[in-house]
Each structure stands twice: as C-alpha cells, then as structure tokens.
Amino acid sequence: SSDLSSGINAEWPLRPGEDVVEAPEDPKEEEITEPVEQMTEDFNKVDMEEPLPDSPEALTAKQEAAIREQMLLDMAPIHERILAEIEEVTAFEDGIKRPYFHVKELERAQLKNWKNYLNLVIEKKDTPRTIILFERCLIACAFYEGFWIKYINFMNAIDKEETSKIYRRACMVHLVKKPYIHLSWAAFEEERGNLEIAREALDHIDKGMPGLIAVILRRAGLERRSGNVEQGGDIMKLAIENCRGRETRDFWIMKYVTYLQCSCKDVDAARNFLQEQIERNQRHKRLYARLLDLELNCGATQPDSAAIVAIFNKILTSGLSVEEKAGFSHRRLTFLEEFGDDVSAIIAAYDDHNKNWKTILDEKKEKSTDCDSALIPLL
C-alpha cells in the first residue's frame, strides 16, 4: 500500500532500482486502503525463493505482503475448525438456562443438556476443555451426585491426586449426606493405601447419617483388612448398642457373631456373646438357631454331640412357643441320626418327640393342608 511504502522508504535503506515514494501529509482512511486484487497481484509477483533479509526491517513491501498473505492462508484451516466447533456446541450453550448455583432443582431438560454436552466434549479427548466444562457444570449441578461421579471417573484415568481432591470437594462440601460417593471415596483411598483418608471419609458420612448398615460394614471391613481385627469387632458391637428396632438389632447380632467366628477365629467369644443375648431374650428363635449353627460349624471335624444336645434340651425348656419347640425337637432327631454316638440317646429323643411334640407338628401340617385345599377352586 502507499502508506506502507512511504513508511518503509522513510526508514529503510533503498535498494538499487527502487524509487522514493513520498507520503501525503494528511492521508485519509479511504485513500490508504488498497483493493484485495492489488494485494493478490503483489503476492504473485514476489519471488519467495529469494533469500529473506536478516532483519524484519529489511523486508520490502512486496515481501511483507506475501508473508502476511501466507499467514492468512496457514490460519484458514484453524479458523474453519474453530467455526465448526462453535457451531457444534451452540445448541448446548443455548440450552444452558441457569449457569449459576441455586438450591432449586434443575429441570430435566437442563440436566439432559449438561449430560449430552459433557459426553460430546469427552469424546473429543481434549482434557483441558473437558475439565473446564465439568467445572462449569458443577456450579449449576453441585447437588447432583451423578455429575460428580462422572467427573471423578473421567479424572481417575488422568490424575489420581486431582481425583482425590474432587472426591473431597464433593463429600465435604456439596454431598455431605450422600453415602454412595463417600463409600466410593473410601474405597479409592484404601486402594491407594491412604487408610487415614479412607477412615475420614467413612467417619464423615457416619456422623452425618448415623446407623447406615453399608457404612458400618465398610468401616469394620476397613479395619479388618488393615489388620485391626479387634477394632472392627468393636465397631459392630457399638452398632448393636446404638441400633433401634428389633430387626436391626438381630441383624447386627448375627453379623457380630459371624465376625467373631470367621474374622477373629474366636468361637468361644461368639458362643459366650450368643448365650448372653439368649439370657436377655429367651423367646428369640433365631438366637437359638444361630447358637446351634455355631456349634455345628465351629471348625471341628466332628461336632460335639453332648454340647449340641444340651442346647436342644435348653431350647425345649425355654420360653419359645410350643410350635417352635416342636420344630427344634424334630431338628434334634435329625442331628442325632447323623452325628449321635449313643443309640440310647436317640431312642429317648424319639420317645420324647412322639410323646410331646409330634402331635403338635401333625396338627400344624393338617391346618396347612386344609388351608391349601381351600384355595383350590371347585371344578
């Protein structure tokens, strides 16, 4: 252009064959513009094979124009790619109606839009861009566990430390009463060997939502796997003391007995604990049944017949209902036939069963048959 040529002639040294071009004193914008055709013509006239000068100040006007044109040509594919990316995400960006945080729930359409948007960007495998979009999403969707889990699964394959930080943000700030993500965090940290952080995650949700079975079992299991077997048993025993409701208490009693038997390898402690619970509640059928199972599966090659028969005798004189006692009497006969050493004890058990309990079982069976017959439609 004329103004560029004047500037170059004023400051740059002249080459042989070049004329001085004087610039107008007050050029106007419309006078210094040059048609695109002229720029193209100048570019075509330049011989790019000619060696370029050592400094930018030594470039001629035609060389500078050619370089500018080449830069535009090189940038054209990038420009087109960016335009295509913008067009690809425009619909998702327009679908974001609430980019800020609010306690009010988002509409399903908004959640679906975020999910589809994230899936699209994840497929591009552009990590920085994906992280930025996740952070944007979690401003509006901070209370939605699924988006945090999605972010964690994405980051877990890239950076374990950042994954741990995301878990902490989610559990300690936004999802303080979401058990699943706390359990996931604890398992993640335990796998990495960070037992203290795993305990912190489980303690946090246990304090926020006390009494959750899955959390207590995970806490006990964590201590058992880390070698603190007794501490794991204490966690279960504390759950028995703090639970409410008979069914929940029965559940924890059975779990604690199994823990003592299998994890602690302490059958005597399990037996004593069950006997204590039976003394507190002598009408609990499941406690007696569990005590029998304990003696039958205590690890010995041959069950102790005398001890097990003594338990059966105690059951038949307990406060259980007549029908429940009759059922245990029948089970006693089965045990003696399989493991009994004294035939006299077997004969005595049969006599007692036929005299005191068989009639009750027969009556119960007849009632059950009558009820089933009543349900059969008449033809």
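The values are calculated or read from the model by the stated rules, or taken from the named source; none is laboratory data. These numbers come from a predicted model, not from an experiment. Cβ: placed from backbone, ideal geometry, glycine included. Neighbour counts: every protein chain shown. In case anyone asks, the SASA skips ligands and DNA or RNA and just uses the protein heavy atoms, side chains included. Shrake-Rupley method; radii C 1.70, N 1.55, O 1.52, S 1.80 Å.
Here is how the numbers come out for the structure above:
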| item | result |
| --- | --- |
| Shape category assigned to the range 220-326 from the gyration tensor of Cα positions, a/c cut at 1.5 | oblate |
| Global form of the range 99-183, assessed from the alpha-carbon gyration tensor, a/c cut-off 1.5 | oblate |
| Carbon plus sulfur fraction of accessible area for the range 154-237, probe 1.4 Å, in percent | 51 percent |
| All lysines inside 20 Å of residue 255 as judged from Cα atoms, apart from same-chain residues fewer than 8 positions distant | 237, 265, 285 |
| Gain upon complete extension [residue 159, residue 57; 0.36 nm per residue less C-alpha separation] | 31.9 nm |
| Distance from the range 103-145 to the range 195-247 (C-alpha centre basis), Å | 34 Å |
| Of the trypsin sites (Lys or Arg not before Pro) in the range 249-283, those whose Cβ has at most 11 other Cβ within 10 Å and which sit in DSSP loop | 265 |
| Per-pair calculated FRET efficiency, R0 = 51 Å: residue 172 and residue 317 via Cβ, rounded to 0.05 | 0.35 |
| Accessible area (Å², 1.4 Å probe, nearest 10) - residue 360 | 40 Å² |
| Volume in Å³ per residue [convex hull over Cα atoms, computed for the range 275-340] | 73 Å³ |
| Cα-based shape type of the range 226-283, given that a ≥ b ≥ c are square roots of the gyration tensor eigenvalues and the cut on a/c is 1.5 | oblate |
| Inter-probe distance in nm under a simple model that places probes 7 Å from Cα toward Cβ, at residue 289 and residue 98 | 5.0 nm |
| Computed magnitude of the charge dipole of the range 67-161 (debye, nearest 20; Cβ of K, R +1, Cβ of D, E -1) | 380 debye |
| Å² per residue, accessible surface of the range 255-301 at 1.4 Å | 55 Å² |
| J(HN,Hα) series, the range 180-186, from Karplus relation 6.51 cos²θ - 1.76 cosθ + 1.60, nearest Hz, glycine and proline x | 4, 6, 5, 5, 5, 5, 4 |
| Among the listed pairs 124/150; 150/177; 115/207, those beyond 23 Å (Cα-Cα) | 115/207 |
| With all protein chains modelled, accessible area of residue 238 [1.4 Å, Å²] | 90 Å² |
| Cα-based Rg of the range 41-174 normalised by 2.2 N^0.38 Å, two decimals | 1.66 |
| Residue 356-residue 244 FRET efficiency (beta carbon distance; Förster radius 35 Å; 0.05 resolution) | 0.35 |
| Net length gained if the chain between residue 187 and residue 225 were fully extended (0.36 nm per residue, minus Cα distance) | 12.5 nm |
| Distance cut-off 27 Å, percentage of C-alpha pairs in the range 123-242 lying past it | 23 percent |
| Karplus (6.51, -1.76, 1.60) ³J(HN,Hα), θ = phi - 60°, over the range 310-322, in Hz, Gly and Pro reported as x | 4, 5, 4, 4, 5, 5, 6, 10, 8, x, 5, 5, 4 |
| Net lengthening on full extension, residue 282/residue 76 (0.36 nm per residue, minus Cα-Cα) | 65.5 nm |
| Label-point gap, in nm, between residue 68 and residue 125 - each point 7 angstrom along Cα→Cβ | 4.0 nm |
| Computed magnitude of the charge dipole of the range 96-212 (debye, nearest 20; Cβ of K, R +1, Cβ of D, E -1) | 660 debye |
